[in-house]
1. Quick one: would you say Ala88 is in a helix (DSSP H, G or I) and more than 26 Å from Thr133 (Cα to Cα)?
2. Considering each of Asp11, Asp5, Asp17, Asp27 in turn, give the residue that is out of contact with any Ser or Thr (no Cβ under 8 Å at 6 or more places or on another chain), of a type in the set (D, E, K, R) and in a helix (DSSP H, G or I).
3. Please work out which residue is surrounded by the most Cβ atoms within 10 Å (Cβ to Cβ), limiting yourself to the stretch 143-167 and to residues that are within 14 Å of the chain's Cα centre (by Cα), not aliphatic (A, V, I, L, M) and not in a helix (DSSP H, G or I).
4. Quick check on Gln199: is it assigned by TED's automatic domain parsing to the domain that holds Val225, loosely packed, with under 12 Cβ neighbours inside 10 Å and either in contact with a strand residue (DSSP E or B) (Cβ under 6 Å, 6 or more places away or on another chain) or at positive phi (or both)?
5. Could you tell me which of the residues Thr166, Thr158 is at pLDDT 80 or above, more than 26 Å from Asp200 (Cα to Cα) and of a type in the set (S, T, N, Q)?
6. Can you name every residue in the stretch 37-92 that is at pLDDT below 90, over 15 Å from Asp5 (Cα atoms) and not hydrophobic (A, V, I, L, M, F, W, C)?
7. If I go through the stretch 187-236 residue by residue, how many of them are modelled with pLDDT under 80, part of a strand (DSSP E or B) and charged (D, E, K, R)?
8. Could you please find all residues in the stretch 60-89 being of a type in the set (A, V, I, L, M, F, W, C), touching a residue at least 12 places away in the same chain (Cβ under 8 Å) and surrounded by 11 or more Cβ atoms within 10 Å (Cβ to Cβ)?
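The values are calculated or read from the model by the stated rules, or taken from the named source; none is laboratory data. Quantities reported herein were computed from a predicted structural model and do not represent experimental measurements. When we count neighbours, we look across all protein chains shown, and the Cβ atoms used for this are built from the backbone with ideal geometry, even at glycine.
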Amino acid sequence: MPLQDIAVLPDPPARSDPPEDFIAKADALLSSLPAFVDQLNILATQLEATAALINVAPAYADAGLRALTGKTPAANKLPYYTGTAASALADFTAAARSFLAAADASAQLDALGVSAFMKSLLNDADAAAAQDTLELVPGTDVQAFDADLAAIAALATTAFGRSVLTIADGAGGRTLFGSNGSLGYGSNASGKYFSVPIQDRTYYLQIMTGSTPSNGWSSAINLPVAFTTEGWIVAGANSLNTGATEGNKIAADLVGLDKFKVGSDDSPTDYTCIAWGY
């Protein structure tokens, strides 16, 4: 007499499954349980009947039943076949028995430890209903889909690129990129100056005005800030110059010097000089 076939149960849901997969797996598992329980009951009845036959006429017993002989019954154990003429015992825990003994799908979910909230989520008909259960409003509780954001998320980023996103302010940006600092301004008796940080140096734009000394080129005008190395003149203009050969030029020693000379063939009475250097 052939024994009742036992169907293989579908894969159970896992906590890591997406909501749609979790719901689908749970539904398939719960739907298959009534038939599974019926098959177990039929098998139990058959085993009882065939066990009685084996006691009467063991030689005529079913091969499947003979494969079960020699197994020692024990608590929380369930026999299963390992081949056409062999069997073994598997663990059959109290939790598994309570799950199989549950009266309906809701009770079976309770046996699995599924909360009432998750049960309501599993009962939702579709993703839209599940979204309502979760009280998720796109654009309020979750980010609404945006094609540009999706494209950005797909971009590969580097550690440096991600560090740019965490810059708190302009100062942090200058520190990260090695950018130049802020312009400075100052003045003293010699004139006015602007400091301009460029990479690892500070350049100075210096402006001097005053009356031309009577001895012209032989006189010297102090810079507001001494150049520490080479510098150069941007412009020098005498207000009374009308085209003299040397009128718009300033003689200067620009190597480590803190002053330069001014003058004109026409001996102007005042001057404005601009110097650039570091």
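1. Details: in a helix (DSSP H, G or I): no; more than 26 Å from Thr133 (Cα to Cα): yes.
Criteria not met by Ala88.
2. Working: Asp11 fails: in a helix (DSSP H, G or I); Asp5 fails: in a helix (DSSP H, G or I); Asp17 fails: in a helix (DSSP H, G or I).
Matching residue, one of Asp11, Asp5, Asp17, Asp27: Asp27.
3. Initially, the stretch 143-167 is screened for residues within 14 Å of the chain's Cα centre (by Cα), giving 149-150, 152-166.
Next, from what is left, pick out any that are not aliphatic (A, V, I, L, M): 157-158, 160-163, 166.
Filter again for not in a helix (DSSP H, G or I), leaving 157-158, 166.
Working: Thr157: 12, Thr158: 8, Thr166: 8.
Among them, the one singled out is Thr157.
4. On the way: assigned by TED's automatic domain parsing to the domain that holds Val225: yes; loosely packed, with under 12 Cβ neighbours inside 10 Å: yes; either in contact with a strand residue (DSSP E or B) (Cβ under 6 Å, 6 or more places away or on another chain) or at positive phi (or both): yes.
Here the answer is yes, as Gln199 does meet what is asked.
5. Working: Thr166 fails: more than 26 Å from Asp200 (Cα to Cα).
So the residue among Thr166, Thr158 that is at pLDDT 80 or above, more than 26 Å from Asp200 (Cα to Cα) and of a type in the set (S, T, N, Q) is Thr158.
6. Result: Glu48, Thr50, Asn55, Pro58, Tyr60, Arg66, Thr69, Gly70, Lys71, Thr72, Pro73.
7. 2
8. Quick first cut of the stretch 60-89, residues of a type in the set (A, V, I, L, M, F, W, C) only: 61, 63, 65, 67-68, 74-75, 78, 85-86, 88-89.
So of that shortlist, the ones also touching a residue at least 12 places away in the same chain (Cβ under 8 Å) come out as 63, 65, 67-68, 74, 78, 85-86, 88-89.
Correct list: Leu65, Ala67, Leu68, Leu78, Ala88, Leu89.
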